[in-house]
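> After the structure tokens below, expect a handful of questions from me.
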Amino acid sequence: MSKKKQDTEDCLACAQTSRDNIFYLQLHLTQHCNLRCTHCYIEKPAGVQPAVQDRVKELQPAEILDIIDQFDKFVKLQSATAKIYFTGGEPLLDPRLPEYISAAAKRGMITMILSNGTLIDDEKAKELRHAGLRIVQISIDGLEATHDAIRGPGNFARATRALDVCHAAGMGTTAMVTISKLNASEIEGIVDHSAQHHVTRFALGRLVPEGNGLQLQGQVLSRDELKVVFSKIKRLQRKYKGAMDIAIHDPIWMTFTGVKNTHGCSAGKSGICIVENGDIMPCRRMDYAIGNIREISLAKAWYSGKLDAFRFREGYEGHCGSCKFLEQCGGCRAVARAASGGKSPLAEDPQCFLYRAAKDKGVN
């Protein structure tokens, strides 16, 4: 039996490749948001007609609770640990968010929200903690002037307040930066600011020129610029060892820093995304639906074979396809797809700075 056929028939293995045996669901409760961030991969630029899917009715409470139940059963069959990210839009705009958190927590899931932080005060933080929320991720996209230029005046202070009150309420906190030319020069300051506010974990994602981000294609870092940023973060990782976890899930970062037992990009491997209209995607930053939860179950979508291209990586193009780190890295599929003009999620990752050095040598 061929490896591909064997793995396709036993896709449980495909879902157990996370280093810590965690399988995640990113569940978008709404597309509505109280901010209009310049780099958002969801928001459509002015003058662009919304796609048909954007006009579809959002998931209703009973449907969301059913998704949580499906996810619970799906992950337990794999003997994995379930982690669920509630997001949007802005998830706090959904008044039933605590109910959803509670439903997931009662099933033993690691519960997390991805938020801009502007709606979280002391009272809200306590409410979310009481519901069973374990981790809050807040976007910090620069020091004050830069963050506010991207996200709106006063929002740096509000995001920082959210980190403080969530920490005080007993939740783990993650500071998340979307890195680009707009804020790359401030990376040390952003990490220092995060540590000063008792952040548990610092995370980073690369700018994906989708949605509003289409207007910022010129702000995407070159491969050399990304290497400079990653080198700085590597030094900061040593500085804050034991005080703040700097654990970035970018495939190039993990290869660059020598993370062991990783498959790199999680698409088709260790996570799935369901957006507010029910579309199922390998990654939300990659507008590539493989089905809709109103028409197909989560398990059937996972086993359908539509994710095989990401699992087996046989058709990856350019440098990614011929790189010795293909299996442990694979490049960021969202960045690759966006860079190809939305034509191919299998395109090469244009920001990779490892390929040439890795061709005959290890990573230095």
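The values are calculated or read from the model by the stated rules, or taken from the named source; none is laboratory data. Just so it is clear, the model here is predicted, and its values are computed rather than measured. Positions of Cβ are backbone-derived with ideal geometry, glycine not excepted, and every protein chain shown enters the neighbour counts. For accessibility, only protein heavy atoms count, side chains too; no ligands or nucleic acids. Shrake-Rupley method; radii C 1.70, N 1.55, O 1.52, S 1.80 Å.
Rundown of residues vs (1) closer than 28 Å to residue 38 by Cα; (2) open to solvent by less than 60 Å² (accessible area, probe 1.4 Å); (3) β-branched (Val, Ile, Thr), yes/no style:
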| site | (1), (2), (3) |
| --- | --- |
| 220 | yes, yes, yes |
| 228 | yes, no, yes |
| 231 | yes, yes, no |
| 243 | no, no, no |
| 247 | yes, yes, no |
| 251 | yes, yes, no |
| 259 | no, yes, yes |
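> Then there is this: Taking residue 59 as the residue in question, decide whether it is of a type in the set (A, V, I, L, M, F, W, C), assigned to a loop (DSSP other than H, G, I, E, B) and modelled with pLDDT of 90 or more.
When the stated conditions are applied, residue 59 passes them.
> OK, next. Out of the residues in the stretch 134-148 meeting the condition of being open to solvent by 20 Å² or more (accessible area, probe 1.4 Å) and in a helix (DSSP H, G or I), tell me which one is nearest to residue 97 (Cα to Cα).
Among them, the one singled out is 148.
> Is it the case that the stretch 69-77 has a residue that's farther than 25 Å from residue 33 by Cα, basic (Lys, Arg), at pLDDT 95 or above and surrounded by fewer than 18 Cβ atoms within 10 Å (Cβ to Cβ)?
Yes, the conditions are met somewhere in the stretch 69-77.
> Report yes if some residue within the stretch 338-348 is open to solvent by less than 40 Å² (accessible area, probe 1.4 Å), in a loop (DSSP other than H, G, I, E, B) and farther than 15 Å from residue 210 by Cβ; otherwise report no.
Yes.
> Filter the stretch 101-129 down to the residues that are in a helix (DSSP H, G or I), more than 14 Å from residue 65 (Cα to Cα) and either open to solvent by 20 Å² or more (accessible area, probe 1.4 Å) or touching a strand residue (DSSP E or B) at 6+ places or on another chain (Cβ under 6 Å) (or both) and list them by number.
Matches in the stretch 101-129: 122, 123, 124, 126, 127, 129.
> Would the stretch 277-285 turn up any residue that is touching an Asp or Glu at 6+ places or on another chain (Cβ under 9 Å) and within 16 Å of residue 351 (Cβ to Cβ)?
Checked against the condition, which is being touching an Asp or Glu at 6+ places or on another chain (Cβ under 9 Å) and within 16 Å of residue 351 (Cβ to Cβ), the stretch 277-285 yields at least one hit.
> I need the full set of residues from the stretch 196-218 which are among the β-branched types (Val, Ile, Thr) and more than 15 Å from residue 246 (Cα to Cα), in order please.
208
> Do you know which residues across the stretch 149-191 are of a type outside the set (Ser, Thr, Tyr), surrounded by fewer than 22 Cβ atoms within 10 Å (Cβ to Cβ) and without any contact (Cβ under 8 Å) to a residue 24 or more places away in the chain?
153, 154, 157
> Looking at 289, 301, which is the one that is open to solvent by 20 Å² or more (accessible area, probe 1.4 Å) and closer than 20 Å to residue 59 by Cβ?
Going through 289, 301 in turn, just one is open to solvent by 20 Å² or more (accessible area, probe 1.4 Å) and closer than 20 Å to residue 59 by Cβ: 289.
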